[in-house]
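The values are calculated or read from the model by the stated rules, or taken from the named source; none is laboratory data. Keep in mind that this is a model prediction, so the values were computed, not measured. Counting neighbours? That spans all protein chains shown, and the Cβs are built from the backbone with ideal geometry, glycine included. These accessible areas exclude ligands, DNA and RNA; they are computed on the full protein's heavy atoms, side chains included. Shrake-Rupley method; radii C 1.70, N 1.55, O 1.52, S 1.80 Å.
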Amino acid sequence: TVIKGALAKAKEQGVPMNIAVVDAGGNLKAFTRMDGAFLGSIDISIGKARTARLFNMPTSALGAASQPGKELYGIEVTNNGLVIFGGGELLIKDGVIVGAIGVSGGSVAEDTNVAKAGVAAFK
């Protein structure tokens, strides 16, 4: 359901994407790569999903907290590397975090739109 919702938005935007879903433990549960999506974005999409789940927040929020001079500056080099820009969102059911989605292949805004469409489909 999450992948289908995300794919529909990616197709609407006309941008090929890599879409990853992790479970509550941060383990890869589902993945799809649209034809033409960047190969380098495979790891980024998985990293975004994993990062969102590890810190229980969208990757954009972690990115804002990790800018120079901010409290979490440098966090992206921990945990075998984190992805701290938009495109990673939490999946929440009945108030419990059950996983996360990570999307990569377009601009940060496009990735975020697709990730949020996956979340919306889940709800």
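A few comments on the model shown:
Let's see how each residue does on (1) in contact with a Pro (Cβ under 6 Å, 6 or more places away or on another chain); (2) open to solvent by 60 Å² or more (accessible area, probe 1.4 Å); (3) of a type in the set (D, E, K, R):
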residue	(1), (2), (3)
GLY86	no, no, no
LEU90	no, no, no
ASP94	no, yes, yes
GLY99	no, no, no
GLY102	no, no, no
GLU110	no, no, yes
ALA115	no, no, no
GLY118	no, no, no
ALA121	no, no, no
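- For segment 85-123, residues that are within 10 Å of the chain's Cα centre (by Cα) and assigned to a loop (DSSP other than H, G, I, E, B) total 3.
- On inspection, ASN27 does not qualify as in contact (Cβ under 8 Å) with a residue 12 or more places away in the chain, of a type outside the set (A, V, I, L, M, F, W, C), exposed (fewer than 15 other Cβ atoms within 10 Å of the Cβ) and closer than 18 Å to LEU90 by Cβ.
- Selected residue (only one of THR32, THR1 is surrounded by fewer than 18 Cβ atoms within 10 Å (Cβ to Cβ) and either over 13 Å from LEU91 (Cα atoms) or charged (D, E, K, R) (or both)): THR32
- Which listed residue is under 10 Å from the mean Cα position of the chain (by Cα) and open to solvent by less than 20 Å² (accessible area, probe 1.4 Å), from ALA10, ALA6, ALA52, ALA37: ALA52
- Of residues in segment 68-118 being polar (S, T, N, Q) and modelled with pLDDT of 95 or more, the one farthest from LEU28 (Cα to Cα): SER107
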